[in-house]
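Peer 1: Below you will find the structure I want to go over with you.
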Amino acid sequence: MTALTDKELALARDHPRGTEQRTLAPYRAALNDLDVYAALPVAERDAIVRWTAIRCAVRDRYGVDRDQLNLAEPLIPATALRTHVLAGEERASGRSVTDSGGDLLELVARVRA
């Protein structure tokens, strides 16, 4: 997977909710069930992994994440997305990885290798 771009990060920072809804809507079942996630083709898992990496970067760089005080907040917490993605990738590959909080794209590549 290629590195995140400034354009992707700016779009996610400026329009996080709409971008997340458009990006993840096709994968609702996979975000609720690790077996469904693990069964997705790699290209579809890549879309979820990339969005999750973007969300984590936007959270870390700009402080944009789920607003816990807003009960109608549609954003999934970045940490929950990351945890789900890594667990799904582990299930898909049959390998495990220790999440040291590093680059998600590199962690996923290690699990898949």
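The values are calculated or read from the model by the stated rules, or taken from the named source; none is laboratory data. The structure presented is a predicted model; accordingly, all values stated were derived computationally and were not measured. Cβ coordinates were reconstructed from backbone atoms using ideal geometry, including for glycine residues, and neighbour counts include every protein chain displayed. Note: areas computed on protein heavy atoms with side chains; ligands, DNA, RNA excluded. Shrake-Rupley method; radii C 1.70, N 1.55, O 1.52, S 1.80 Å.
Peer 1: Where the only charges are on Cβ atoms (+1 Lys, Arg; -1 Asp, Glu), what is the dipole of the chain about its Cα centre, to the nearest 20 debye? Write out the running numbers ahead of the final one.
Peer 2: Details: 16 positive and 17 negative charges, 19 e Å.
In debye, rounded to 20, the chain gives about 100.
Peer 1: Which sequence of 103, 60 reflects their accessible areas, 1.4 Å probe, from the largest down? Intermediate values should be presented prior to the final figure.
Peer 2: Values: 103 75, 60 110 Å².
Greatest to least solvent exposure: 60, 103.
Peer 1: To continue, here is another question. Please compute the modelled spin-label separation between residue 46 and residue 15, points set 7 Å along Cα→Cβ, answer in nm with one decimal.
Peer 2: According to this spin-label approximation, the distance is 2.3 nm.
Peer 1: Another one. Can you pull out the trypsin sites (Lys or Arg not before Pro) in the stretch 11-113 whose DSSP state is coil and whose Cβ has at most 13 other Cβ atoms within 10 Å?
Peer 2: Details: sites: 13, 17, 22, 28, 45, 50, 55, 59, 61, 66, 82, 91, 95, 110, 112; in loops: 66, 95.
For trypsin sites (Lys or Arg not before Pro) across the stretch 11-113 that sit outside H, G, I, E and B with at most 13 neighbouring Cβ atoms in 10 Å, the list reads 95.
Peer 1: Another question, then. With all protein chains present and a 1.4 Å probe, how do 48, 76 order by accessible area, largest first? Working shown, then result.
Peer 2: Values: 48 0, 76 55 Å².
Putting 48, 76 in descending order of accessible area: 76, 48.
Peer 1: Also, quick follow-up: Read phi for every residue in the stretch 49-56 and hand back ³J(HN,Hα) as whole Hz from Karplus 6.51 cos²θ - 1.76 cosθ + 1.60, θ = phi - 60°, with x for Gly and Pro.
Peer 2: 4, 5, 4, 5, 4, 4, 4, 5
Peer 1: Per residue, how much accessible area does the chain have with a 1.4 Å probe, in Å²?
Peer 2: On the way: 6400 Å² over 113 residues.
It amounts to 57 Å² per residue over the chain.
Peer 1: Which whole-angstrom value gives the distance between the alpha carbon centres of the stretch 2-29 and the stretch 43-76?
Peer 2: 8 Å
Peer 1: Taking H placed 1.01 Å from N in the peptide plane, check which residues at least 5 places from residue 64 or on another chain put their amide H under 5 Å from its amide H.
Peer 2: Answer set, sorted by chain and number: 59.
Peer 1: Using a Förster distance of 25 angstrom, determine the FRET efficiency expected from the C-beta separation of residue 32 and residue 6, and round it to 0.05. Working shown, then result.
Peer 2: On the way: r = 32 Å, r/R0 = 1.27.
Efficiency, rounded to the nearest 0.05: 0.20.
Peer 1: In a shell of Cβ-Cβ distance under 13 Å around residue 93, excluding residue 93 itself, what net charge do Lys and Arg (+1) and Asp and Glu (-1) give? Spell out each step's value before the answer.
Peer 2: Values: positive: 45, 91, 95, 110, 112; negative: 89, 90.
Net charge in that neighbourhood comes out at +3.
Peer 1: Still on this structure: Which distance in nm do the two modelled labels at residue 79 and residue 96 give, with both placed 7 Å along the Cα-to-Cβ direction?
Peer 2: Here the answer is 2.1 nm between the modelled labels.
Peer 1: Which entry in (1) 63; (2) 70; (3) 52 matches percent of Cα pairs over 17 Å apart derived from the coordinates of this structure?
Peer 2: Read-out taken from this structure: (3).
Peer 1: Looking only at 80, 39, 47, which one moves most when the chain is put into a Gaussian network model with springs between Cα atoms under 10 Å?
Peer 2: Result for the chain, Cα springs under 10 Å: 80 fluctuates most.
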